[in-house]
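*Asks:* Let me give you the structure first, and then I'll get to my questions.
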Amino acid sequence: MMGTAVKYVAALNVDTKLVKFFVYAVFRESSRVEVVGSAYDHIEFVYPAIGRLEIDPAKLWSCVITTIKTAFEEANLTADQIAFLAISCHQGSFTCWNRSNGMVYHNFITAQDLRADQMTKDCNENFMFKAFKSSASFLHCFTRSQRYLNQSLYEVTNEHVTMRLAWMLENSPGIKQDLPFGNVLFGGIDAWLLYRFRQGIDPNKKVEHISDVTSCVATGFYDPFTQDWADWAAMLYPIEASLEITQIANSSAALWGTCCFEKSELYIKMDTAAVLNIVTKASCLASTNGMTPMIAHKTVHPISDHEEVAYVLQKICTDCTTVVDWALKIGLFTEPREGSSMASSVSDSNGVFFIPAFSVFGVRDITAGSSFIGIKKSTRKEHLIRALFESLVYRIALLYVSALKEIEAQNLEEFTKIKVDGTVSQIDFICQMLADTAGLPVERSDTADASALGAVFVAGINLGFFRNKPEVMRIRKVDKTFAPNPNNKLKLLRNMRCWEEVVEKFKV
């Protein structure tokens, strides 16, 4: 028997591929959390044209409701028995809807969508944008301000919401019609779900338009240094000031789920994308190594009203679970654990390299695809699987190289270990190879979903449900630690260099 739970809490996590809902029983006396009900469903994507990737809001809402009902049934609980619901969502997807009637103007436009690629390139080449960066560089020379340094290095990317939103404002007749009257709301999946949840069964009910700063900062026009919408954004982006903007992102929630609170802690989330985070605590730092300053969390103590803001430096590479799912789909292995065993059964990939380019790795051509290079008569399935997994580790290792350069540039403490979670982290071969390549222990969380658990932690502290960080740190458990084998490091680094050379040829 489990014993009597002090409280039941729930968490909804909408990641890039799945909607997941968990019901937790929290035993505070024994510092224990157990999943008593869970459910998940796949997000259905819409592909209206090459390079475009959308999510139908109506189908997403139906998926969310179904998942919640299923998890409650498994837990044999009802909603009124839940102390609170925490929500975490992936960053970068957005929609616009009508303030008066809740009507959605368009599908969610995902971060993988490339419809605004030309606008993004034009923006980076724009005279005003270059002048802005030059001015920021000039100001940094005199003030040494991290904010001005960050602005001087800023580049607009397709992953940012900015240009995709500008594209929709130009091409949606409904938005054009309602925008002058102040009736258009913009937000990510989290903001839209909060709006829908709080409306209940009345679609015309007026509710506040709210979100979390960790989602806002991922838009590209929220300034993490001032913790406000950037006053310079209106000058640079074709976005109407009359558009009301608002947006815990799941990578930020996962920092709580893995208890990454101390300065210079390193955490990598391995899901659809690999997201590397360096905790910088109260310091918002600019990066000269391609990393982005982000708000990790912002909490307010319910009694003292003390506000705490923590920051991270973040860098992302795409194609993690995408690659693994593709390998499953074509039958290279039947489940990730089998793939891990098969990859470990051979000493190397027999000269085979895999280029993971499902999300247009390193090239602008939206028709580009992935490739195996170096297949020979002696190549076996095990070699292909090992090459595929090795490519994922090499891409994550490149993120790690950027992180090493960053701690040297920022004079931060050296890393002592790498915390990981996510679907891909469940593959032992990948975790062990990452430990060997980095020369650091890799610590994998035992939770089914660190983002969901982290959302519960941060919400619980904000509501006074948990006392403090030490309490949630006692609850968090480690599944396995992978110790590095120094005898493998030199060989792996040589192989990684060969892989990089193949990738460079692939880009041509």
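The values are calculated or read from the model by the stated rules, or taken from the named source; none is laboratory data. Keep in mind it's a predicted model, so treat the numbers as computed, not measured. Note that each Cβ is placed from the backbone with ideal geometry, even for glycine, and that neighbours are counted across all protein chains shown. Heads up: the accessible areas ignore ligands, DNA and RNA and are worked out on the full protein's heavy atoms, side chains in. Shrake-Rupley method; radii C 1.70, N 1.55, O 1.52, S 1.80 Å.
*Asks:* Inspect all residues belonging to the stretch 256-271 and state whether any of them is in a strand (DSSP E or B), modelled with pLDDT under 90, under 13 Å from the mean Cα position of the chain (by Cα) and surrounded by 17 or more Cβ atoms within 10 Å (Cβ to Cβ).
*Replies:* Among the residues of the stretch 256-271, not one is in a strand (DSSP E or B), modelled with pLDDT under 90, under 13 Å from the mean Cα position of the chain (by Cα) and surrounded by 17 or more Cβ atoms within 10 Å (Cβ to Cβ), which makes the answer no.
*Asks:* Which condition number in (1) in a helix (DSSP H, G or I); (2) of a type outside the set (Ser, Thr, Tyr); (3) open to solvent by less than 10 Å² (accessible area, probe 1.4 Å); (4) touching a Leu at 6+ places or on another chain (Cβ under 8 Å) is the one that residue 384 fails?
*Replies:* (3) is the only condition that residue 384 fails.
*Asks:* Of all residues in the stretch 41-60, which are crowded, with 16+ Cβ neighbours inside 10 Å and part of a helix (DSSP H, G or I)?
*Replies:* 57, 60
*Asks:* Next up: Need at least 1 residues that are touching a helix residue (DSSP H, G or I) at 6+ places or on another chain (Cβ under 8 Å) and not assigned by the TED database to the domain that holds residue 16 per element, so show me which helices (runs of 4 or more DSSP H) inside the stretch 132-208 make the cut, counting only ones lying wholly within it.
*Replies:* none
*Asks:* Scan the stretch 15-33 for residues that are open to solvent by 50 Å² or more (accessible area, probe 1.4 Å) and among the charged types (D, E, K, R) and jot them down. Walk me through it before giving the result.
*Replies:* Let us first name the residues in the stretch 15-33 that are open to solvent by 50 Å² or more (accessible area, probe 1.4 Å), namely 17, 28-30, 32.
Selection gives 17, 28, 29, 32.
*Asks:* Quick check on residue 62: is it of a type in the set (Gly, Ala, Ser), at pLDDT below 90 and in the same structural domain as residue 192 (by the TED database)?
*Replies:* The answer is no for residue 62.
*Asks:* I'm trying to understand the selection: among the residues of the stretch 66-105, which are assigned to a loop (DSSP other than H, G, I, E, B), surrounded by 17 or more Cβ atoms within 10 Å (Cβ to Cβ) and hydrophobic (A, V, I, L, M, F, W, C)?
*Replies:* 77
*Asks:* Filter the stretch 462-480 down to the residues that are open to solvent by less than 20 Å² (accessible area, probe 1.4 Å) and not acidic (Asp, Glu), then identify the one that is nearest to residue 427 (Cα to Cα).
*Replies:* Within the stretch 462-480, the match that is nearest to residue 427 (Cα to Cα) is 475.
*Asks:* Taking the residues in the stretch 272-286 that are assigned to a loop (DSSP other than H, G, I, E, B) and of a type in the set (A, V, I, L, M) as candidates, determine which candidate is most open to solvent (accessible area, probe 1.4 Å). Walk me through it before giving the result.
*Replies:* Initially, the stretch 272-286 is screened for residues assigned to a loop (DSSP other than H, G, I, E, B), giving 272-273, 282-286.
This time we only want the ones that are of a type in the set (A, V, I, L, M), so: 273, 282, 285-286.
On the way: 273: 26, 282: 84, 285: 25, 286: 2 Å².
Once the filter is applied, the top-ranked residue is 282.
*Asks:* Could I ask something else about it? Within the set of pairs 6 or more residues apart or between chains, which connect a residue that is within 16 Å of residue 119 (Cβ to Cβ) inside the stretch 148-161 to a residue that is charged (D, E, K, R) and surrounded by 20 or more Cβ atoms within 10 Å (Cβ to Cβ) with Cβ atoms less than 8 Å apart?
*Replies:* Cβ pairs passing all conditions: 158/113; 158/164.
*Asks:* Still on this structure: Considering only residues that are within 16 Å of residue 411 (Cβ to Cβ) and among the aliphatic types (A, V, I, L, M), which ones fall in the stretch 267-281?
*Replies:* Residues satisfying the conditions are 278, 279.
*Asks:* Out of the residues in the stretch 346-373 that are at pLDDT 90 or above and out of contact with any helix residue (DSSP H, G or I) (no Cβ under 8 Å at 6 or more places or on another chain), state the one that is most open to solvent (accessible area, probe 1.4 Å).
*Replies:* Top of the filtered list is 347.
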